[in-house]
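The values are calculated or read from the model by the stated rules, or taken from the named source; none is laboratory data. These figures come from a predicted structure and were not determined experimentally. Positions of Cβ are backbone-derived with ideal geometry, glycine not excepted, and every protein chain shown enters the neighbour counts.
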Amino acid sequence: MFKKSFVVFMSLLLVLSMLFVGCAKEEAAPEENEPAAEEAAPEEALKVGFVYVGPIGDGGWSYSHNEGRLYLEEQLGVETLYKESVPEGPEVEKVMKDMIDQGAKAIFVTSFGYMDYVVNVAEEFPEVTFMHCSGYKDAPNMNNYFGRIYEARYLSGIVAGLKTETDKIGYVAAYEIPEVIRGINAFTLGVQSVNEDATVAVRWTHTWYDPAKEKEAAKALLDEGVDVIAQHQDTAGPQQAAEERGAFSIGYHTDMKDTAPNAYMTAPIWDWGPYYTEQVEKIINGEWTNEPFWGGMENGVVKLAQLTENAPEDAQAAVDEATQAMKDGSLSVFAGPIYDQEGNIMVEEGTEMSDGDMLSMGWFVKGVEGKIE
């Protein structure tokens, strides 16, 4: 009886064990069409947007930024988006939001008039990084960046001051904002460093990009007797006006020698690519901060383009000397004494303007002919 009971007990135990194992296997089996183990999603590649105030074919400002975008793609292999000819108004907010909808996690916005709109969108999208060119406002996810182009403008002023025979130089300028005023003043100080008798006449266009209007402004200056044209505009229109009249020119943004080969001497130019690459690398590595950037000759962001055969023979040596002095710190463009148009001392001898004063500059130096309207 005991033996029989033992056999029954062991048989029952075996059945229960098989049932338990079967249940365990059934619980462990995945449901139909469900992966056995969830795989970690690959990290999404960074997509970068660029907003331009003019067309990328302008040969100037927007072209230089787009060259920086292409350099970024080449260096890091990131995907980029861009929108050209975006007005400096509320429309830019929609452009940025459209880029975000397309997956952009970083956006470079490249004109002063976009500033307040970038602040608005940055507040709405804290997970996106915004970088605004030539402004002064920031946010936790927004910085501002620019280059000390006034240094290269000073150098181009040396070339113009040595070239002019009438001692009258024309300057076609976009808007009466500190950036443009600062550039005119730096150029004039460069002119005066080699030619105390020369003056710089300013003609405002109130546009960044309008080839015809820029060209007409240059013609008006040429009618007044200037023999060298400089500019703070986005196209080569002023250069072409100079060439048509047999005058000479200083370009801006990019090397414009091909657009006016018989007039063009040199230009203050931009090289944005390395900066864009550095910032995107920092974003990818989680090292980006909203620290503002204002780089100069020492950073390579701003340069003076190679002088052409139209430049005076002694210009290269003078430019080289001034460039070296800037790099070693012995030459500061806005070091005193500096006087305004009315002869008032604005920067005392032995002192130099602070970055804050330069960024808010609203007066012309002695030697500039024109009004800040």
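Values for this structure:
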{"read-out": "Matching residues in region 235-275 - criterion: being more than 18 Å from VAL159 (Cα to Cα) and aliphatic (A, V, I, L, M)", "value": "ALA236, ALA241"}
{"read-out": "Unmet requirement for ASN120, which otherwise passes all of (1) surrounded by fewer than 24 Cβ atoms within 10 Å (Cβ to Cβ); (2) within 25 Å of ASP357 (Cβ to Cβ); (3) touching a residue at least 12 places away in the same chain (Cβ under 8 Å)", "value": "(2)"}
{"read-out": "Selection status of ALA242, without any contact (Cβ under 8 Å) to a residue 40 or more places away in the chain and crowded, with 24+ Cβ neighbours inside 10 Å", "value": "yes"}
{"read-out": "Output for region 216-239, where each listed residue is surrounded by fewer than 24 Cβ atoms within 10 Å (Cβ to Cβ) and more than 16 Å from VAL200 (Cα to Cα)", "value": "GLU216"}
{"read-out": "Listing of strands (runs of 3 or more DSSP E) fully contained in region 112-217 that carry 1 or more residues being over 18 Å from PRO292 (Cα atoms)", "value": "168-173, 199-204"}
{"read-out": "Looking only at region 259-273, and only at residues there that are at pLDDT 95 or above and within 20 Å of HIS65 (Cα to Cα), the one that is farthest from the chain's Cα centre (by Cα)", "value": "THR266"}
{"read-out": "Matching option when the condition is more than 22 Å from ASN195 (Cβ to Cβ), among the polar types (S, T, N, Q) and surrounded by 14 or more Cβ atoms within 10 Å (Cβ to Cβ), among ASN299, ASN344", "value": "ASN299"}
{"read-out": "Enumeration of residues in region 329-350 that are closer than 27 Å to LYS137 by Cα and either touching a helix residue (DSSP H, G or I) at 6+ places or on another chain (Cβ under 7 Å) or of a type outside the set (Gly, Ala, Ser) (or both)", "value": "VAL333, PHE334, MET346, VAL347"}
{"read-out": "Qualifying residues in region 329-373 (those that are in a loop (DSSP other than H, G, I, E, B) and aromatic (Phe, Trp, Tyr)) - the one farthest from VAL180 (Cα to Cα)", "value": "PHE334"}
{"read-out": "Set TRP288, TRP294: member being more than 24 Å from GLY170 (Cα to Cα), touching a residue at least 60 places away in the same chain (Cβ under 8 Å) and either part of a strand (DSSP E or B) or not assigned by TED's automatic domain parsing to the domain that holds SER64 (or both)", "value": "TRP294"}
